[in-house]
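Trainee: Please find one structure pasted underneath; my questions will follow.
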Amino acid sequence: MSLYSEKVMDHFKHPRNVGVIENADGIGEVGNAKCGDIMKIYLKIEGDIIADVKFETFGCGSAIASSSMATELIKGKPLKDALTLTNKAVAEALDGLPAYKMHCSVLAEEAIRAAILDYYKKNNLPYDPELFKERDHEHEHEGSGDGE
């Protein structure tokens, strides 16, 4: 039996929304020093809707799959919906991740929030700083120092 679901393997082997958006409206880049994963999310926003989203990820298969799934979950959605996306929702949409890989879904969540914050700041739009406070994912980082 595989550690990874069919959905994780599919999004790893055939990731959706890979690439760069030139002149993106918002860019978010995050990384995890423990495992070396780096994610960069690009947003194209029309009105209040995420019209397009692309990502570049340097990392393990779980990081790539989490980025791919997260972009699928927010594409075409209002910014307010994208801001409520949790790492648990990303992991559930992938039919689960091994506990020691949950940090990958956390990075996807954080990269999206960073890209939205970048959009608000670039456009001098008012925003609630509470929405961008670091969330407590401490229990999800356990075992993430495995070097992958």
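The values are calculated or read from the model by the stated rules, or taken from the named source; none is laboratory data. Note that this is a predicted model, so its numbers are computed, not measured. Neighbour counts run over all protein chains shown; Cβ positions are idealised from the backbone, glycine included.
Here's the yes/no breakdown for (1) within 16 Å of ALA24 (Cβ to Cβ); (2) among the hydroxyl-bearing types (Ser, Thr, Tyr); (3) at pLDDT 95 or above:
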position: ASP37; (1), (2), (3): no, no, no
position: ILE41; (1), (2), (3): yes, no, yes
position: ILE50; (1), (2), (3): yes, no, yes
position: GLY59; (1), (2), (3): no, no, no
position: ALA65; (1), (2), (3): no, no, yes
position: GLY76; (1), (2), (3): no, no, yes
position: LEU79; (1), (2), (3): yes, no, yes
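Trainee: Determine whether ALA65 is of a type in the set (A, V, I, L, M), outside any loop (DSSP other than H, G, I, E, B) and either closer than 15 Å to ALA115 by Cα or in contact with a strand residue (DSSP E or B) (Cβ under 6 Å, 6 or more places away or on another chain) (or both).
Mentor: no
Trainee: Next question, about the same structure. Please list, ordered by first then second residue, the pairs with beta carbon atoms under 9 Å, 6 or more apart or interchain, first in region 68-87 and in contact (Cβ under 8 Å) with a residue 24 or more places away in the chain, second aromatic (Phe, Trp, Tyr) and outside any loop (DSSP other than H, G, I, E, B).
Mentor: If the second residue must be aromatic (Phe, Trp, Tyr) and outside any loop (DSSP other than H, G, I, E, B), the pairs left are SER68/PHE12; SER68/PHE55; ALA70/PHE55; THR71/PHE55; LEU79/TYR119; LEU79/TYR120; LEU83/PHE132.
Trainee: Could I ask something else about it? Among the residues of region 83-101, what is the count of those that are assigned to a helix (DSSP H, G or I) and surrounded by fewer than 24 Cβ atoms within 10 Å (Cβ to Cβ)?
Mentor: Summing the residues that are assigned to a helix (DSSP H, G or I) and surrounded by fewer than 24 Cβ atoms within 10 Å (Cβ to Cβ) in region 83-101 gives 8.
Trainee: I would also like to ask the following. If you go through region 46-78 one residue at a time, how many are surrounded by 20 or more Cβ atoms within 10 Å (Cβ to Cβ) and more than 24 Å from VAL8 (Cα to Cα)?
Mentor: Residues meeting the conditions: 0.
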